[in-house]
Each structure stands twice: as C-alpha cells, then as structure tokens.
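S.K.: One structure coming up, written as structure tokens, with questions to follow.
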C-alpha cells in the first residue's frame, strides 16, 4: 500500500478495525489514513534470536579461512538468472576473499552449476544464517534477505534486475525512494542499491570494494546498530496476541 496506489488503503479501512504491522515505518503511513495501528516487532528477530551458529560450518562445506563474501541471489528463477552471473563476475577482482552462494531449496546443485565457470564457487543450502554469521560482506537480492543481512551486521550491496516493461511501469507508479527494507526503515541511504542498468560488474565491484574495509564499512555498521534499535526485540507474536486480547476486551466493554 505504501509503495503505490495508496488509495487502496480506503478499502482496508472499511473492514479492518485494528492493524498490527511488522515494519516500523508502516505506523506513520497508516496513521496518516486515520487507522488504529501498532508496531509489534518483526518475526525475523525471533528467528535470528533462536539461531545457534554451527562451529563446524567451514569444515562441513570445505571452506577456507579466507574472509567470506556471501552471495544471496534470491529464490526465484528469474532473479537468480539475472543476478547471479553479475554477482559472480566480481569474483576475479577479489582473490583474497572467498565467495559462497546461498542456494534456494527449490533448486538442485546442478541448476547453479551452469553459472559457475573455472573455479567453482561453494554452494550451501539451508545455511543462510550460518553463512551470514561467517560473512565479511554480502551481495543481496532486494527482499527480506536485505533486512536479515543487516540484522546479522554484515555490510552489503543490494541488487535488483527486472523485466524492462515491468521496471518501466514500476518507475511510473511506485512512490518510494528506496527498494531495500534497510533503507526504507532508516528513511535514508544506508546500503547502496544497484538497480537495473546500474547492476553491472563494474559498479558492483567498486561498491563492494568500498564496504570491505574503511569508512564506508564502519558507517554502515553504525547505521545497522540504529536499525536494530528501531526494529526492537523478539516477541512479535506474543505482543500481537496480548494486543489483540486487550483490543477485544475493550471492544466488548464498549
């Protein structure tokens, strides 16, 4: 709703008496439409809080002691095929680092093999949190993974490529300044977003280089700390349940 055609909120307002959101910036948006809304936290915080790192992760996947650059190309076929080749194209520029791909569970290793040439880049399935726990930096497809990466305090570059017609339409109707949840929540540029024609080997390589060491990396990590404060603590489901009960009790008395 907050991204485009905001008048659709009027339809929701007719049937929703109380709303609970999992993104902090949604509160001001829906209150602007005079809706009763509370921010309850985000379920990702619960998942991350429950995560226990595997001390044998590197050994299990035969990873070296080089610092890891995590590649998170998404889970949909089109985005993987558009983004992963560009991600891998930067590998030669960073021989001191180890690139590792987070595979989507709906695809087999053979599918990813078509994108690997020369030295094969390690591929892990169902280990995204362990990968982020060990990563020094990441290249991430726009989506929920950008927020997860930030909450793991991993400096990142956000990338996105869509169909030319879809992008042209989106640029006409979408009313937001950013596409990554990190920047949307912070309401400023924290992570660089390389979209469409900007998602190319040259720009991606130079942007990645900026966050591997130095001032850009440190400022991003400081912003991540502020982001974590805004996101709050785990317990979204419990808070939501308590607020629902309170709302129902109040409504029954009214």
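The values are calculated or read from the model by the stated rules, or taken from the named source; none is laboratory data. Remember, predicted model here, so these are calculated numbers, not experimental data. Because the Cβ atoms are built from the backbone with ideal geometry, glycine has one as well, and the counts that use them run over all protein chains shown.
S.K.: Please go through the stretch 55-95 and pick out each residue that is out of contact with any helix residue (DSSP H, G or I) (no Cβ under 9 Å at 6 or more places or on another chain), assigned to a loop (DSSP other than H, G, I, E, B) and closer than 16 Å to residue 136 by Cα.
M.R.: 66, 95
S.K.: The conditions are (1) in contact (Cβ under 8 Å) with a residue 60 or more places away in the chain; (2) over 21 Å from the mean Cα position of the chain (by Cα), and residue 151 fails exactly one of them. Which is it?
M.R.: (2)
S.K.: Then there is this: Since residue 161 meets every condition but one in (1) over 23 Å from residue 67 (Cβ atoms); (2) crowded, with 19+ Cβ neighbours inside 10 Å; (3) under 12 Å from the mean Cα position of the chain (by Cα), which condition does it not meet?
M.R.: (3)
S.K.: If you don't mind, another one. Kindly evaluate residue 235 against the criterion of being within 22 Å of residue 68 (Cβ to Cβ) and out of contact with any strand residue (DSSP E or B) (no Cβ under 8 Å at 6 or more places or on another chain).
M.R.: Criteria not met by residue 235.
S.K.: Consider residue 34 carefully, then state whether it is in contact (Cβ under 8 Å) with a residue 60 or more places away in the chain and either in contact with a strand residue (DSSP E or B) (Cβ under 6 Å, 6 or more places away or on another chain) or not in a helix (DSSP H, G or I) (or both).
M.R.: no
S.K.: Further question: Being buried (at least 21 other Cβ atoms within 10 Å of the Cβ), closer than 22 Å to residue 161 by Cα and touching a helix residue (DSSP H, G or I) at 6+ places or on another chain (Cβ under 7 Å) is the filter here, so list the residues in the stretch 200-223 that pass it.
M.R.: 204, 211
S.K.: Further question on the same structure: Can you find a residue in the stretch 118-134 that is buried (at least 18 other Cβ atoms within 10 Å of the Cβ) and without any contact (Cβ under 8 Å) to a residue 40 or more places away in the chain?
M.R.: So far as the stretch 118-134 goes, yes, one or more of its residues are buried (at least 18 other Cβ atoms within 10 Å of the Cβ) and without any contact (Cβ under 8 Å) to a residue 40 or more places away in the chain.
S.K.: Test of understanding: among 14, 7, which residue is free of Cβ contacts under 8 Å to residues at least 60 places away in the same chain, over 29 Å from residue 162 (Cβ atoms) and in a helix (DSSP H, G or I)?
M.R.: Step by step, each of 14, 7 is checked, and only 14 is free of Cβ contacts under 8 Å to residues at least 60 places away in the same chain, over 29 Å from residue 162 (Cβ atoms) and in a helix (DSSP H, G or I).
S.K.: If we scan the stretch 190-200, do we find a residue that is assigned to a loop (DSSP other than H, G, I, E, B), under 30 Å from residue 46 (Cβ atoms) and at pLDDT 95 or above?
M.R.: Within the stretch 190-200, one or more residues are assigned to a loop (DSSP other than H, G, I, E, B), under 30 Å from residue 46 (Cβ atoms) and at pLDDT 95 or above.
S.K.: Follow-up. Run down 121, 86 and say which single residue is over 20 Å from residue 194 (Cα atoms) and in contact with a strand residue (DSSP E or B) (Cβ under 9 Å, 6 or more places away or on another chain).
M.R.: The match here is 121.
S.K.: In addition: Pairs please, first residue from the stretch 212-232 and touching a residue at least 24 places away in the same chain (Cβ under 8 Å) and on the phi > 0 side of the Ramachandran plot, second anywhere and surrounded by 14 or more Cβ atoms within 10 Å (Cβ to Cβ) and not in a helix (DSSP H, G or I), Cβ atoms under 7 Å, 6+ apart in sequence or on different chains.
M.R.: 232/41
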